[in-house]
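Reviewing the structure listed below.
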Amino acid sequence: MKRLLEPRFAVALACCCAAAGLLTVYGTVAQLLDIWRTDDLKSMGLIVPFVSAALILRAWRGLGWEMDGTWWGFAILAGAAVLMFLRDRTLLIVTVNKDWLLQLPPLSLVAVVYGAGMVLLFGGKKLLRAAWFPVVFLWAVIPVPQTFSRVVDLPLQHASATVARAFGHALGQPLTEDKLRLMFTPDFGMFIAPGCNGIRGAITLGMAAIVVGYVYKFRWQVYTPVVAGAVLLGYLFNFLRLCLLVIYYKIALPYVWLQEHAKNADYLIGGCLFVCALGVFFTVANKLRRDLSAEMGKPLIADTPVVASELASPYLAKVAAVLALSAIFGFDALHTRFADAQAVGRVPVLAPMPEKIGKFVLVRSWDDTLVGGTIVYTWGDYAADAGNGVHVALGISPVFGVHDAEVCHIARGEDPTWHGQIRTDAASGTVDLTAATYNDGTTQRLEASTVCDGGACRQFSQTSQHVTLVYSYPHKALPMQGDRSRAVPVLLKVETMDTQAPVGVVEPELAAALAEFLKDVDLVGLTAPYGKR
């Protein structure tokens with residue numbers, strides 16, 4: 001007699017597999033957690049996986065917990081796991097017009113693919129069709145792109161400051177000329193920071209409207225105005241919050257004890273207004289839902305379909321496959337995470353920079369460190385002994401993994417004047433470097449990055465008029481191999497005080513000086529002490 005599996009146990013196993021399967025894309029999960037912890041504007045993405053999971057279960061329940069899963073879902077999960085395994089061991093970054101950066105594959109795409117794989121594996125194509133919205137909604141794990149802050153967020157900051165300033169003047173309160181500060185006294189005032197412009201509340205209400213519109217099955221004629229109205233409602237209540245806060249500051253002028261609680265008053269006013277905004281939104285949404293149901297003659301709550309059982313053996317085989325895949329890639333991810341945590345937590349033993357490399361002599365050495373003391377690069381500054389003033393700085397990262405220096409420049413708003421590929425000979429063999437030049441008005445410098453791994457130093461870029469692709473070869477290691485080696489990033493800098501010369505003249509000169517320096521450098525040997533975790 002064939003054994004049947006009760007739906008409640010099958011659903012519980014699917015949920016456990018969905019949680020355990022996150023180990024297969026551990027790199028994505030770790031990066032998302034870091035983004036949610038450090039970026040207030042993107043922190044609301046934390047609730048997206050839970051909302052999507054609830055909506056997928058809701059759609060599954062509507063199908064009577066049908067478990068017509070396909071092994072194609074497992075193939076998608078395995079492919080995503082392999083892709084993330086390779087991405088964590090390589091560098092693959094795309095920049096567009098030097099102001100939009102994307103690491104491939106995008107984190108949001110990985111989340112959508114993972115959700116689709118799980119749905120296909122345990123629920124099948126029918127469930128994927130029924131739950132297409134919550135699967136696609138996983139794209140919102142990063143609610144807004146990085147360029148959003150510059151294009152939308154900062155202008156809204158100024159708009160909010162203008163509204164608050166105008167309201168303060170309307171109350172007859174003299175203010176300072178600082179456009180983003182409303183100083184009621186020399187020591188008491190408010191700063192209109194990016195977090196004060198209402199964008200978080202507007203995006204939160206917008207995302208809530210997207211989900212509610214899907215659950216309530218609004219037609220697009222209703223869906224679009226509801227979402228747009230929710231976003232505008234968030235802005236409206238934020239402007240009201242700023243006005244009420246101005247009133248609070250004016251009332252608090254003669255009372256020191258009220259001035260000391262201004263920050264808490266801001267939280268209290270904002271929280272109360274956001275609850276009011278939610279109340280207004282759901283009141284309108286529920287009214288639209290009732291009107292739609294009355295118009296279509298359908299009840300608000302649909303009948304529950306008949307629940308069917310499933311054969312235990314095929315379903316448990318899928319569970320076992322997911323758990324095995326999680327164990328294979330999860331072991332490697334946790335092993336690497338633990339090794340990296342140990343490396344960051346201790347001060348690495350730094351090998352001394354060579355006193356002389358060819359005709360270049362070590363002038364000084366130093367370490368770039370983070371606030372916590374973690375060493376990002378250990379540096380050596382070398383000068384040509386011919387006295388021609390050429391200096392080359394050689395930096396080796398003893399702890400951190402693969403990354404590209406240009407990413408840091410883009411994050412700081414520094415655009416390169418030239419970007420390209422340099423290939424030159426070194427004492428350890430041919431070196432491939434990704435290079436870029438920068439002009440800050442004081443110096444022009446050439447920065448070249450490479451990654452040393454497996455006895456070679458290679459990093460590549462492909463540049464067109466608007467798009468640049470930066471990549472390196474993946475680190476040679478297999479899941480559960482227990483490999484404790486690591487790829488070591490290297491950064492070289494050459495600069496000149498001539499800021500007026502065109503980049504077409506300066507770049508070849510700096511590249512020639514860099515090639516002259518590298519021909520006597522054993523990069524593989526210098527990075528070897530840091531190639532172990």
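Read the figures in this text as sums done on the coordinates, not as results from a lab. Please read all numbers here as calculations on a predicted model, not as lab measurements. Glycine also receives a Cβ, built like all others from the backbone with ideal geometry; neighbour counts cover every protein chain displayed.
Data table
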| item | result |
| --- | --- |
| Relative exposure of ARG87, ARG58, judged by other C-beta atoms within 10 Å (fewest first) | ARG58, ARG87 |
| Estimated distance in nm for a label pair at TYR214 and ASP440, the labels positioned 7 Å out from Cα along Cα-to-Cβ | 4.6 nm |
| Positive minus negative residues near THR28 (Lys, Arg vs Asp, Glu; Cβ under 10 Å) | 0 |
| Over 32 Å between alpha carbons, listed pairs LYS217/LYS263; LYS125/LYS217; LYS125/LYS287 | LYS217/LYS263; LYS125/LYS287 |
| Projected label distance in nm at ILE247 and TRP132, using a 7 Å step from Cα toward the beta-carbon | 4.8 nm |
| Residues ALA456 and LEU86, FRET efficiency given R0 of 22 Å [Cβ-Cβ distance, rounded to 0.05] | 0.80 |
| Most to least packed among 209-218, 391-400 [average Cβ atoms within 10 Å] | 391-400, 209-218 |
